[in-house]
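**Q** Before anything else, here's the structure in question.
Derivation of every value follows stated rules applied to the coordinates shown; laboratory data play no part. Note that the structure is a prediction, hence the values are computed from the model and not measured. Methodologically, a virtual Cβ is constructed for each residue, glycine included, from the backbone with ideal geometry; neighbour enumeration extends over all protein chains shown.
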Amino acid sequence: MRIAVTYENGMVFQHFGHTEQFKLYDVENGTVRASAVAATNGAGHGALAAFLKEKGVDVLICGGIGGGAQSALRECGIQLYGGVTGRADEAVAAFLQGNLAYDAAVRCSHHEGHADHACGEHGCGGHEAHTCGQHGCKEK
């Protein structure tokens, strides 16, 4: 299994769509075997779902995340644990122990009410009306 965490200075970064780095954890038999930080190279919002799919990610742990990005992740087969705060390594350890504190109804507040606008308005690129295929992720 591969787990990704939105990452900044050792902490879970709090805005998925503005994530500049993910920390990727390779897990075997419930134990982290390797980890590395991967730069997103400026990919934002919906494009990040495709980025994670390309990296072979199964699970994403993050802070805030909008509904469109949640949909893109779901369509890419990536399981989401949002609303997480604290140190990235500790969040992964808690996840592996089955006691990660997360918010199943997490929403990034600046995205509220944006479900009807067109792709690319104000530079977001990933909202409720989009499908994963529009952001480069073709597989489920």
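**Q** What is the packing order of peptides 93-106, 16-29, 70-83, taking the mean over residues of other C-beta atoms within 10 Å and listing the highest first?
**A** Averaged packing, sorted descending, gives the order 70-83, 16-29, 93-106.
**Q** What is the extension gain from Glu90 to Thr31, computed as 0.36 nm multiplied by their sequence separation minus the C-alpha to C-alpha distance, in nm to one decimal?
**A** 19.9 nm
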